[in-house]
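The values are calculated or read from the model by the stated rules, or taken from the named source; none is laboratory data. From a predicted model like this one, the values you see are computed outputs, not experimental measurements. Virtual Cβ from ideal backbone geometry, glycine too; neighbours counted across all protein chains shown.
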Amino acid sequence: MPIDAKRPYEEGNIFARVLRGELPNKTVLETEHSLAFHDISPLAPIHVLVIPKGPYVSWDDFAAKASDAEIVDFVRAVGEVARMTGANAQGYRLLSNVGKRSGQEVPHLHVHVFGGAPLGPMLAR
């Protein structure tokens, strides 16, 4: 179910549970402030989620509340995942949904890294 970006952080969301070690994941990269792992239902040959370890719901929440170190680490982690997975070899897409109207389902900031195949148009008309 999509979420409203203005709702408070929910400690029981699936990514919070992954971060606490309650749910398994196939880790691609872990840094001091970020975790990247393969999506359990991939939509492309390369489909990795990158999440900050802090309790942030959206980009605007993250930009307002995260430390400079968290922001730098997260942005660098996204780029490193593109290199590590080979997504950067032929092109890749970054996607981050925020709020109900965009289709955000997990109330924790996350970036999808898609690659490994032609991805088509960004949005259907």
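Residue-by-condition table, conditions (1) part of a helix (DSSP H, G or I); (2) modelled with pLDDT of 95 or more; (3) farther than 20 Å from Gly120 by Cα; (4) not charged (D, E, K, R):
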{"residue": "Ala16", "(1), (2), (3), (4)": "yes, yes, yes, yes"}
{"residue": "Leu29", "(1), (2), (3), (4)": "no, yes, yes, yes"}
{"residue": "Val72", "(1), (2), (3), (4)": "yes, yes, yes, yes"}
{"residue": "Glu80", "(1), (2), (3), (4)": "yes, yes, yes, no"}
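Which of the residues belonging to region 19-31 are surrounded by 12 or more Cβ atoms within 10 Å (Cβ to Cβ) and either out of contact with any Phe, Trp or Tyr (no Cβ under 8 Å at 6 or more places or on another chain) or of a type in the set (Asp, Glu) (or both)?
Leu19, Leu23, Leu29, Glu30, Thr31
When you check Ser34 against the structure, is it buried (at least 18 other Cβ atoms within 10 Å of the Cβ) and in contact with a helix residue (DSSP H, G or I) (Cβ under 7 Å, 6 or more places away or on another chain), yes or no?
Yes; evaluated as a whole, the condition is true for this residue.
Might you check whether a residue that is without any contact (Cβ under 8 Å) to a residue 24 or more places away in the chain, touching a Phe, Trp or Tyr at 6+ places or on another chain (Cβ under 8 Å) and not in a strand (DSSP E or B) occurs anywhere in region 100-109?
no
A quick yes/no check of all residues on (1) modelled with pLDDT under 95; (2) touching an Asp or Glu at 6+ places or on another chain (Cβ under 7 Å); (3) part of a strand (DSSP E or B):
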residue	(1), (2), (3)
Leu35	no, no, yes
Ser41	no, no, no
His47	no, yes, yes
Gly54	no, yes, no
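Here is a check on your reading of the model: is Leu94 within 17 Å of Asn13 (Cα to Cα) and modelled with pLDDT of 95 or more?
no
Give the residue that is nearest to Glu11 (Cα to Cα), with candidates limited to residues of region 82-91 that are assigned to a loop (DSSP other than H, G, I, E, B) and at pLDDT 95 or above.
Ranking the candidates gives Gly86 first.
Filter region 110-125 down to residues that are in contact with a strand residue (DSSP E or B) (Cβ under 7 Å, 6 or more places away or on another chain), in a loop (DSSP other than H, G, I, E, B) and not small (Gly, Ala, Ser) and give me whichever is nearest to Ala16 (Cα to Cα).
His110
Can you tell me which residue in region 37-70 is nearest to Asn88 (Cα to Cα), limited to those that are hydroxyl-bearing (Ser, Thr, Tyr) and surrounded by 19 or more Cβ atoms within 10 Å (Cβ to Cβ)?
Ser58
For region 72-94: of the residues being loosely packed, with under 15 Cβ neighbours inside 10 Å and among the β-branched types (Val, Ile, Thr), which is nearest to Val28 (Cα to Cα)?
Only one residue fits best here, namely Val75.
Restricting attention to region 95-125, report how many residues are surrounded by fewer than 17 Cβ atoms within 10 Å (Cβ to Cβ) and under 12 Å from Ile46 (Cβ atoms).
The total comes to 2.
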